[in-house]
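Have a look at the structure below, then the notes.
The values are calculated or read from the model by the stated rules, or taken from the named source; none is laboratory data. Treat the numbers as computed from the prediction; the structure is a model and nothing was measured. Heads up, the Cβs are rebuilt from the backbone with ideal geometry, glycines too, and the neighbour counts pull from every protein chain shown. The area values use the complete protein model at the heavy-atom level, side chains included, leaving out ligands, DNA and RNA. Shrake-Rupley method; radii C 1.70, N 1.55, O 1.52, S 1.80 Å.
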Amino acid sequence: MTTVQAEGLSLRFGRTTALEGVSFALDDGVTGLLGPNGAGKTTLLRILATAIPADAGQLRILGADPRGAAGRLAVRRRLGYLPQNPGFHQHFTAFEFVDYIAILKEIVDGRHDEVRRVLHAVGLDDHRGKKIKALSGGMRQRVGLAATLLDDPALVILDEPTVGLDPEQRLRFRELIAHIGEGRTVLLSTHQTEDVSTVCQRVIVMNQGRIRFEGEPSALAAVAMGRVWTSRARADGALAAWRTGNGDYHNIGDPPPDARLVDPSIEDGYLMLIDAASLAGAA
Amino acid sequence: MNARTLYLLLRPTAHAVKWRPMVAGATLGLAILLVPEALTSRLTDAHLTTLARIAAICVALGAAFLLDDPATRSTLTVPTPRLARNLVRVALAGPAVALWWALTLGLAKTTGHHAAAAHLPVAALTLEAATLLATALALSAIAQRRTVDGNTSVVAAPAVLLLVAVAWFLPHPVELVLRPTDPHWTASHYNWAAALATALVAFLWASHERA
Amino acid sequence: MTAVLAEAPGTPAVDAAARHRAVLALARVETVRMLRHPVTVAATLLLAGFWVSSWFAIGTSRYPVLQDLDRDSAIGMMILLGGAALIVGNLAVLRAHRDGTTGLSQVLILPDRARTVAHLFAPLPLAVLGAVLIVARMAILAICTPAAGHPNPYELATGPATVLLLGALGVLLGRLTRSAVVAPLALLVVLAGLAVLEPLANGGKALWLAPQGGSVLPMPVPVSLMGRPAAAHFAYLLGLAGLLSAAAVLRAGARGVRVAVAGVVALACAVAGGTAQLSAPGHAVVAARTAAMNHPSQYETCRELGHVAYCAFAGFSRWIPAWNTVVQAVVAQVPATARSARLTIRQRIVFVSLGGGKGPEQLLAAWRSDNAAAGTPGAIGIDTQWGDSRSAADLAAQVAYRLVTGRAGEAHVEQGAELAGATACGGAGVLVVWLAGQAGTQARTGLRRLTEDGRDPRGGVSFDQNQLIPSVYVPAPELTVATQALARPRADIAARVQRSWATLTAPGTTAAQAAQILGVPAPAAGTAC
């Protein structure tokens, strides 16, 4: 069954258009949400998490309409939302904090067992008695994720959870997310194309409040097919070019006739999309 | 949301609330009323009324920190509504403030040079103190709607002082701050009662999440 | 290499100049943030609004005494603008902590102490704004009203100085504690001090150590008798502001000669100003006050308008036309035969600290001999406050009493050492109140307020020459008859008064007889005159 069905979602803040005619559907599995800063990702996630309503459009989440109070409550009971920079009560222990959220999620029976379960799921068994202010950034992010996973939500929304984590922490976090995505719907907003390529079954690319791409990660890479090449010197006319570790330049754009074409990555496809979109926007 | 959830929330909420501003305000308020009273017998009931009002403002300032919640982003979309979370905080602080107020006025009446304190208009001052407290909570709840990081006090505390300053200068017939001997004293307390009702409605309205 | 070596000695100088510029740039940013902060804007509007509304709400503000109003304005400024500087300055210092940028700001090139200096500069423009506002208020009042006297510039400067003082306090508190509740609570302590330091200090000199300065005299007095150490107090406040600033910079980690010098200068300023303001007013001022109280005629200039001489202290003569309006309105209701008396209206002041013990009687005797010496027996006393309805009623009633009885009302000491005015019995009492009611709307309002809210414990009303010395007392039955007469058509009563002036003013005429003459119901109880 489709977990989220959105049709023509729009939202304006004063004169700024945050979202315009956004339509998509989400099913089980991990969906990545890519886009530059200010693309409207966080706004979209906040709408899906019932924190704010959209100005226009149709939205059904888990079979309910979040515009009414009853529908919103129904969604919230089956939702896990990890916002960007979740705040913590620094003087709570990890257990106390997750337990506090558990009460707010109205988990009454077996609450402590549930708290222990989610803390175990995120690998915080050994740290649940530590105060949050004594935890590292990665650990805190896990506390947030544990609170998100309480009561086994059907829809999990994660807003840039891998920001600020070191490579090892990020790797572990990805494993966790992949695990969470088994049998439920996860929407993962991120700047990291690696996150998408490693854990996402689908990907949505947003720019300037609109959806630019929706499909499988391999299809996103395919957007740049035939438009990525390497050269010994920086190529004129490339949309983007950078020097790689072996000294060659990696170029994206319209290749010259004699170019040495290479297989595009998801990042190449993403950059093609964003650049094309901003060029179109500028024109 | 049910009563059991609210009951369960009491303990962690008590742990989460920033009590220090409230305690600081209560301590200072107590001192502001009792120290001058102990030092001199020259204070009239007008002086003591002013001091009791300032004491009440001290606690109202502390109450402006009651809804501060650094974890507000984490609790944005929980099923327990904000109104319930706010009411739990008020339920924790309310009795403590009431006890403090009774203690402060009681001590003012029984210690020091209490000739003037015997004439303290306790009921009227209690109405004023309740209004100040409710106003601080209403301003915090309004600030809750406007801030994203849960730091409501940075808006609410200065706003409490500003509103008090405005109230202090209100002219007839909407005056609020009068001497007990003023002929409009009783009438002004109808204004206080109206302000209390307004503040309570504003608190409930602002605590309610938008549909 | 040589180039680097050659440059090295110059580098610190360049750094210092760059740092100064950076501090100034930062101070500009903080200044603009402070001026634009909603609390500052609201406090400024509130202060201006309060000043404007007092024009409409408080009668005496239309006849302001500028040497009193300067202090009032400065205290209003301390509460509102000073409060804003305290709160906003404190919030600005705590901003880094609140927004979680402490980690960032700790590694900035501009050190903490430099940023503290910038914060300390921020209230300066607000103080300048306050100075502009307070000077504008004085100028407008001096130009647009018949204002008495002139303000003391140091007293005016106290307002902006308290803005600096409280601004520095806000920065220091932000440096001492991260709690945002402390600064507002500190403001409340200042307010509590305003409310009760005066009774606590019992009129003592110690009150000058508080930011608001010492207590005021019981009534406005001429500029030369003020004797307030306003200049010393101003220096004291600036010294305190400097000390708090130095403490804030020290707390932020500054060590060095300049901070030490600034601290020492501020300390010297505070101590010098603090001790100077605590020394008692000079003998010259005390002697001058006593002389002006006991022998007002020697310090006044008189002006004749019609049959009336108005004698006012220096600076107060702009009120004479307003007095004259009231006096002439009363005189106009009196038959021509009774108008011949020459009237003198004389301003008098009382320093309560000088009038204790047997003071009142001695003072009244001194005034009698002063009148005799000046050739103005039976002069009518008037206050150094004007513009409210009470003052108009007091003057009108005293003039009426003088015209009706041929004597000026004079206080005497009753049993229990209470001062009481001359009792106006029977027809005379009725006439006094009715005539006072003819002296214009202000006097009429004052009469109504006295009758409704301001009755004497004996049941009648007392008309005073100033807040401390009563002059004429009209008992309840006379007051009742007069109030009823005032409610009747004016022309009818005026005609009866003209016709029966001699009977009404005769000593034996009772209130009941007067009621009959004026055609109003007789009072229930006979008078005990």
Completion exercise
If one compares the long axis through the Cα atoms of helix B:45-63 with the longest principal axis of the Cα atoms of chain B, the angle in degrees, nearest 10, works out at 10
Handout entry: Taking region A:87-152 and dividing mean pair separation by its residue count, relative contact order in percent (alpha carbons under 8 Å, at least six apart)
Key = 45
Exercise for the section: In nm, give the distance between the simple-model label positions of B:L99 and C:C144, each being 7 Å from the Cα along the Cα-to-Cβ direction. Expected result: 5.5
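Given a cut-off of under 8 Å on Cα pairs at least six residues apart, what relative contact order in percent is computed for region C:296-518?
Details: 393 pairs, mean separation 45.3, N = 223.
In percent, rounded to a whole number, it is 20.
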Completion exercise
What helix-only [θ] at 222 nm does the protein assembly as shown give? Using -39500 (n - 2.57) per DSSP H run of at least 4, over all residues, to the nearest 500, the answer is -18000 deg cm²/dmol
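Please state the shape class of region C:14-281: rounded when a/c is under 1.5, otherwise prolate if a/b exceeds b/c and oblate if not, all from the C-alpha gyration tensor.
Note, shape of region C:14-281 comes out prolate.
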Practice task
Arrange the residues A:T17, C:T376 by how much accessible surface each exposes, largest first, with a 1.4 angstrom probe.
Solution key: A:T17, C:T376
Problem - region A:87-152: equivalent-ellipsoid semi-axes (sqrt of 5 x gyration tensor eigenvalues, Cα, Å) - result: 18, 12, 10
Handout entry: Alpha-carbon centroid distance for the pair region C:452-503 / region A:82-152, whole angstrom
Key = 82
Exercise for the section: Give the accessible area for C:F351 in Å² (nearest 10); use a 1.4 Å probe, count only protein heavy atoms, and leave out ligands, DNA and RNA. Expected result: 0
Fill in the blank from the handout: When all Cα-Cα pair distances of the protein assembly as shown are considered, the percent exceeding 50 Å is 44
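Looking at region B:149-211 from every direction and averaging, what is the projected area of its Cα convex hull in nm²?
5.5
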Handout entry: Proximal lysines relative to B:K18, as straight alpha-carbon distance under 27 Å, when same-chain residues fewer than 8 apart are discounted
Key = A:K105, A:K130, A:K131, A:K133
Handout entry: Folded to 0 to 90 degrees: helix A:111-121 orientation relative to chain A principal axis, Cα
Key = 30
Problem - Solvent-accessible area buried by A and B, counting both chains, probe 1.4 angstrom, square angstrom - result: 2600
Exercise for the section: May I ask you to evaluate 6.51 cos²θ - 1.76 cosθ + 1.60, the Karplus curve with θ = phi - 60°, for each residue of region C:205-214 and list the ³J(HN,Hα) values in order in whole Hz, giving x for glycine and proline? Expected result: 5, 4, 4, 5, 6, 6, x, 6, x, x
Exercise for the section: Taking all protein chains together and a probe of 1.4 Å, list A:R140, C:R488 from the most accessible to the least accessible. Expected result: C:R488, A:R140
Fill in the blank from the handout: Scanning the protein assembly as shown, every Cys lacking a C-beta partner under 4.7 angstrom -> A:C200, B:C58, C:C144, C:C269
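To the nearest 20 debye, what is the magnitude of the charge dipole of region A:170-233 about its Cα centre, counting +1 on the Cβ of each Lys and Arg and -1 on the Cβ of each Asp and Glu? It would help to have the intermediate numbers written out before the result.
Numbers: 9 positive and 6 negative charges, 47 e Å.
Dipole size: approximately 220 debye.
Expressed as cubic angstrom per residue, what is the convex hull volume of the alpha carbon set of region A:221-282?
80
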Exercise for the section: May I have the pair-distance distribution P(r) for region B:3-207, computed from all Cα-Cα distances with 5 Å bins from 0 and rounded to whole percent? Expected result: 1, 7, 15, 19, 18, 15, 10, 7, 4, 2, 1, 0
Practice task
State, to one decimal in nm², a quarter of the convex hull surface area for the C-alpha atoms of chain A, i.e. the direction-averaged projected area.
Solution key: 16.9
Problem - Total charge dipole magnitude, region A:1-141, about the Cα centre, Cβ charges on Lys, Arg, Asp, Glu only, Debye to nearest 20 - result: 420
Exercise for the section: Can you bin chain C into rounded, prolate or oblate? Criterion: square roots of the alpha carbon gyration tensor eigenvalues sorted a ≥ b ≥ c, rounded for a/c under 1.5, prolate for a/b above b/c, oblate for the rest. Expected result: prolate
Exercise for the section: Would you kindly find the accessible area of C:T405, with a 1.4 Å probe and non-protein molecules such as ligands, DNA and RNA excluded, rounding to the nearest 10 Å²? Expected result: 40
Fill in the blank from the handout: In chain C, helical segments from DSSP H whose Cα atoms cover 20 Å or more along their own axis and that average at least 0.5 on the Kyte-Doolittle scale are C:38-57, C:83-98, C:123-144, C:153-176, C:182-201, C:230-251, C:257-278
Practice task
Quote the accessible area belonging to A:S218 in square angstrom, nearest 10, computed with a 1.4 Å probe and with ligands, DNA and RNA left uncounted.
Solution key: 80
Practice task
Could you work out how far helix A:94-104 tilts from the main Cα principal axis of chain A, as a 0 to 90 degree angle to the nearest 10?
Solution key: 80
Handout entry: Euclidean distance of C-alpha centroids, region C:198-235 and region B:72-90, integer Å
Key = 53
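If Lys and Arg each add +1 and Asp and Glu each add -1, what is the summed charge of the other residues whose beta carbon sits under 12 Å from the beta carbon of C:E300?
Net charge around C:E300: +2.
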Completion exercise
Taking a probe of 1.4 Å and leaving out DNA, RNA and ligands, the protein assembly as shown shows per residue an accessible area in Å² of 43
Completion exercise
Between the modelled labels at A:Q58 and A:M225 (7 Å from Cα along Cα→Cβ) the distance in nm is 3.3
Completion exercise
Dividing the mean separation of Cα pairs under 8 Å (6+ apart) by the residue count of region B:25-122 yields a relative contact order in percent of 46
Handout entry: Most to least accessible of C:E304, A:E214 (protein chains only, probe 1.4 Å)
Key = C:E304, A:E214
Exercise for the section: Taking a probe of 1.4 Å and counting only protein heavy atoms, give the total accessible area buried between chains B and C in Å², rounded to the nearest 100. Expected result: 2200
Exercise for the section: Please report, in whole Å, how far the alpha carbons of region C:296-518 spread along each principal axis, starting with the longest. Expected result: 47, 41, 29
Exercise for the section: Pop a pseudo-label 7 angstrom from the Cα along the beta-carbon direction at both A:E216 and C:A210 and give the gap in nm to one decimal. Expected result: 8.2
Exercise for the section: Just the number, please: carbon plus sulfur as a percent of the accessible area of the protein assembly as shown, 1.4 Å probe, no ligands or DNA/RNA counted. Expected result: 60
Completion exercise
DSSP beta bridges in the protein assembly as shown: the antiparallel percent, rounded to 5, is 60
